[in-house]
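Some notes on the structure that comes next.
The values are calculated or read from the model by the stated rules, or taken from the named source; none is laboratory data. Computed from a predicted structure; not experimentally measured. Every residue, glycine as well, gets a Cβ built from its backbone with ideal geometry; the counts of neighbours run over all protein chains shown.
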Amino acid sequence: MNDELAVRFEGVGKTYPHFRLDGIDLELPTGHIMGFIGANGAGKSTTIRILLGLIRQDCGSVRVLGHPMPAQLAAAKRDIGFVSEDMRLYKGATIAWHMAFIRSIFPKWDEAYAGELLKRFDLRADQTVKGLSHGQRVKAALLLALARRPKLLVLDEPTTGLDPVARQEVLGALIEALVDEDRTVFFSSQNTFDVEQISDRIAFIDRGRIVDSGDKERFLDRWRRVRLDVPDGVRLPVIPGVVDTSAGGRIHVLTVNGFGPDVITACQAAGAVVHAIDTMTLEEIFLAEVNNRRKDVAA
Amino acid sequence: MSDAIVGRLISKDWYLLRRPVLGYLGGGVVSLALLATGGEAMFNMGCILMITLLIALGMHVVMATVVGERIEHTLPFVMSLPVSIAQYTVAKIAANASLFVGAWALLAAGVSGIVLFRPGVPHGLIVLSTIMLLYILASYFVVLAVAIATEAMAWTIVAVVVGNICLNFLMYGLSHVPSIQSTYASARIVWGATALEVVAGEFAVMIAALAFTFAFQARKSDFL
């Protein structure tokens, strides 16, 4: 085990009657925030449940904070905070009761920090969970996860189902909470905008397979959209890294993974005129990756 | 940590169910009052109320602590804690057993006390009441096992319904077994071989239900 890795998946697979998680290799170094992006049903939650030891993989190995999973799930979870979109607290109990409950289990519970988070999240300790809005429930769950001072924070679509205002509040609170922390975070979402805001590493998952993963900045640097004027009679050569080409008349748009000057040189050498080289958003990159992979699989 | 977390989970279920359990105990006290002071009609009503309350309490506790955690999505919260599957199973069984068996034991003691000390009630009824009370306990452990294994409301309800149907068969059977039926009106307690076999069978069902629960949970590969 590499001590620098908080999470390590090697060849992890899990087969269900109608879904297969296939050959998942994933590494999350300590101190980093990984955005785990995929569409509904891509395998995000299954991957997270395997990470937490709550689903036993059919093959491959998983180590979390140095613990083999699921063999040592209880030991690993002493240092993990987990919040998921489908997690609920006990309706009839107050936030204060939940805080006392978690405090009684986690010796590292930070009471002062919990009080600070209560204020920051605009929650009242004597509120019962029944009376909380969805956004407040998510914040309360985040508070309970953060104040136990976990080494690894696992968030499974925490912003899903929130209205835009509550989503921004939760995300803002999360960014504030993480800014001074040397904490490792595994953040799953189908919302690339959320992930782009808080992550420094990215992994894309589609139909049970990791499509790509790596450093976010390098990800964003690698991808470009090139707009070309291709005169009649000119045929563009096969250019390494071009994953998609769309054309409307003389205007061609190339989507490039691994952009470099050689792409422009190749276009110009063929007789095309480069109009613009645009950066791409994470969402555009995600869609390009997924569509490209699906085309490969279909072929 | 490992023992402490089981204790915390048990306390949690105790806290969350304290009011309903106290409510059922209150109903049990009313039922005992009917048994202790009423005439024949009130005595029968007390019996029916007691059986109904115990079955309802068992179902309520299991539904709230096991099936409810799945339906209400509080299971992910519990499983985010440093708890293994085996510890969760132990905690659930211990919390349920202590909540239900505690109330059951109090009310069963009350029923036995009334049979033994209320003038005019034949002591021989102890055999019937013990068999009935143990049946409710055994049936409860079967419902608990099904609930923990399946975490499904539908299967748990099926287990409750089957248990109640079998209760009627048991009552019919007991009233037609001469060696048991003949002891009801007896002034002394007579434990015949058949009655002891029924009691042994009830204990065997309880042990089998618990063994099944642990064995099934140990084989589960997906927990959430």
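Screening the range A:150-167 for residues that are in contact (Cβ under 8 Å) with a residue 60 or more places away in the chain and of a type in the set (D, E, K, R) and picking the one that is surrounded by the most Cβ atoms within 10 Å (Cβ to Cβ) gives A:156. Cβ-Cβ distances below 8 Å connect the following pairs, each with a first residue in the range A:55-80 that is under 12 Å from residue B:84 (Cβ atoms) and free of Cβ contacts under 8 Å to residues at least 60 places away in the same chain, a second residue that is assigned to a helix (DSSP H, G or I) and polar (S, T, N, Q), and a separation of six or more residues or different chains: A:74/B:2; A:74/B:87.
One line per residue, one yes/no per condition, for (1) closer than 30 Å to residue A:58 by Cα; (2) modelled with pLDDT of 90 or more; (3) touching a Cys at 6+ places or on another chain (Cβ under 6 Å); (4) not acidic (Asp, Glu):
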position: A:199; (1), (2), (3), (4): yes, no, no, yes
position: A:219; (1), (2), (3), (4): no, no, no, yes
position: A:223; (1), (2), (3), (4): no, yes, no, yes
position: A:236; (1), (2), (3), (4): no, no, no, yes
position: A:255; (1), (2), (3), (4): no, yes, no, yes
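For the range A:90-104, a tally of residues being surrounded by 18 or more Cβ atoms within 10 Å (Cβ to Cβ) and within 17 Å of residue B:83 (Cα to Cα) returns 3. Just name the residue that is modelled with the highest pLDDT out of those in the range B:201-223 that are surrounded by fewer than 18 Cβ atoms within 10 Å (Cβ to Cβ) and in a loop (DSSP other than H, G, I, E, B). So the residue we want is B:220.
Yes or no: the range B:183-192 includes at least one residue that is out of contact with any strand residue (DSSP E or B) (no Cβ under 7 Å at 6 or more places or on another chain) and not in a loop (DSSP other than H, G, I, E, B).
Restricting attention to the range B:183-192, the residues satisfying the condition of being out of contact with any strand residue (DSSP E or B) (no Cβ under 7 Å at 6 or more places or on another chain) are B:183-192.
Add one more test, that the residue is not in a loop (DSSP other than H, G, I, E, B), and what stays is none.
Within the range B:183-192, none of the residues are out of contact with any strand residue (DSSP E or B) (no Cβ under 7 Å at 6 or more places or on another chain) and not in a loop (DSSP other than H, G, I, E, B).
The single condition from (1) out of contact with any helix residue (DSSP H, G or I) (no Cβ under 7 Å at 6 or more places or on another chain); (2) in a strand (DSSP E or B) that residue A:238 fails is (2). So, of the residues in the range A:85-99 that are within 10 Å of another protein chain (Cβ to nearest Cβ) and not in a loop (DSSP other than H, G, I, E, B), which turns out to be farthest from residue B:18 (Cα to Cα)? Only one residue tops the list, namely A:98. Is the range A:137-147 home to any residue that is assigned to a loop (DSSP other than H, G, I, E, B) and under 25 Å from residue A:30 (Cβ atoms)? Yes - at least one qualifying residue is present in the range A:137-147.
Inside the range A:228-261, can you point out the residues that are free of Cβ contacts under 8 Å to residues at least 40 places away in the same chain, over 20 Å from residue A:282 (Cβ atoms) and buried (at least 16 other Cβ atoms within 10 Å of the Cβ)? Those that are free of Cβ contacts under 8 Å to residues at least 40 places away in the same chain, over 20 Å from residue A:282 (Cβ atoms) and buried (at least 16 other Cβ atoms within 10 Å of the Cβ): A:236, A:239, A:252.
Taking the range B:71-94, which residues are within 24 Å of residue B:142 (Cβ to Cβ) and aromatic (Phe, Trp, Tyr)?
Across the range B:71-94, the qualifying residue is only B:88.
The set of residues in the range A:56-72 that are within 14 Å of chain B (Cβ to nearest Cβ) and either crowded, with 23+ Cβ neighbours inside 10 Å or in a loop (DSSP other than H, G, I, E, B) (or both) comprises A:56, A:57, A:58, A:62, A:64, A:65, A:69, A:70, A:71, A:72.
Among the residues of the range A:13-31, the ones that are over 28 Å from residue A:149 (Cβ atoms) and either outside the structural domain of residue A:67 (by TED's automatic domain parsing) or not charged (D, E, K, R) (or both) come to 9 in all. Only one of the numbered conditions (1) more than 30 Å from residue A:207 (Cβ to Cβ); (2) in a loop (DSSP other than H, G, I, E, B); (3) of a type outside the set (Val, Ile, Thr) is not met by residue A:259, and that is (1). Return the only residue of A:102, A:95 being under 19 Å from residue B:6 (Cα atoms), in the same structural domain as residue A:139 (by TED's automatic domain parsing) and at pLDDT 95 or above. On inspection, the qualifying residue turns out to be A:102.
Residue-wise test of (1) more than 23 Å from residue B:69 (Cα to Cα); (2) out of contact with any strand residue (DSSP E or B) (no Cβ under 6 Å at 6 or more places or on another chain); (3) of a type in the set (Phe, Trp, Tyr).
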{"residue": "A:37", "(1), (2), (3)": "yes, no, no"}
{"residue": "A:54", "(1), (2), (3)": "no, yes, no"}
{"residue": "A:77", "(1), (2), (3)": "no, yes, no"}
{"residue": "A:89", "(1), (2), (3)": "no, yes, no"}
{"residue": "A:104", "(1), (2), (3)": "no, yes, no"}
{"residue": "A:126", "(1), (2), (3)": "no, no, no"}
{"residue": "A:136", "(1), (2), (3)": "no, yes, no"}
{"residue": "A:145", "(1), (2), (3)": "no, no, no"}
{"residue": "A:149", "(1), (2), (3)": "yes, yes, no"}
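When residue A:82 is tested against the conditions (1) aromatic (Phe, Trp, Tyr); (2) farther than 13 Å from residue A:152 by Cβ; (3) within 7 Å of chain B (Cβ to nearest Cβ), the lone failure is (2). Residue A:112 is checked against (1) at the interface with chain B (Cβ under 7 Å from one of its Cβ atoms); (2) assigned to a helix (DSSP H, G or I) and fails just one. What number does that condition carry? Against the list (1) at the interface with chain B (Cβ under 7 Å from one of its Cβ atoms); (2) assigned to a helix (DSSP H, G or I), residue A:112 comes up short only on (1). Take the conditions (1) surrounded by 18 or more Cβ atoms within 10 Å (Cβ to Cβ); (2) under 17 Å from the mean Cα position of the chain (by Cα); residue B:48 misses just one of them, which is (1).
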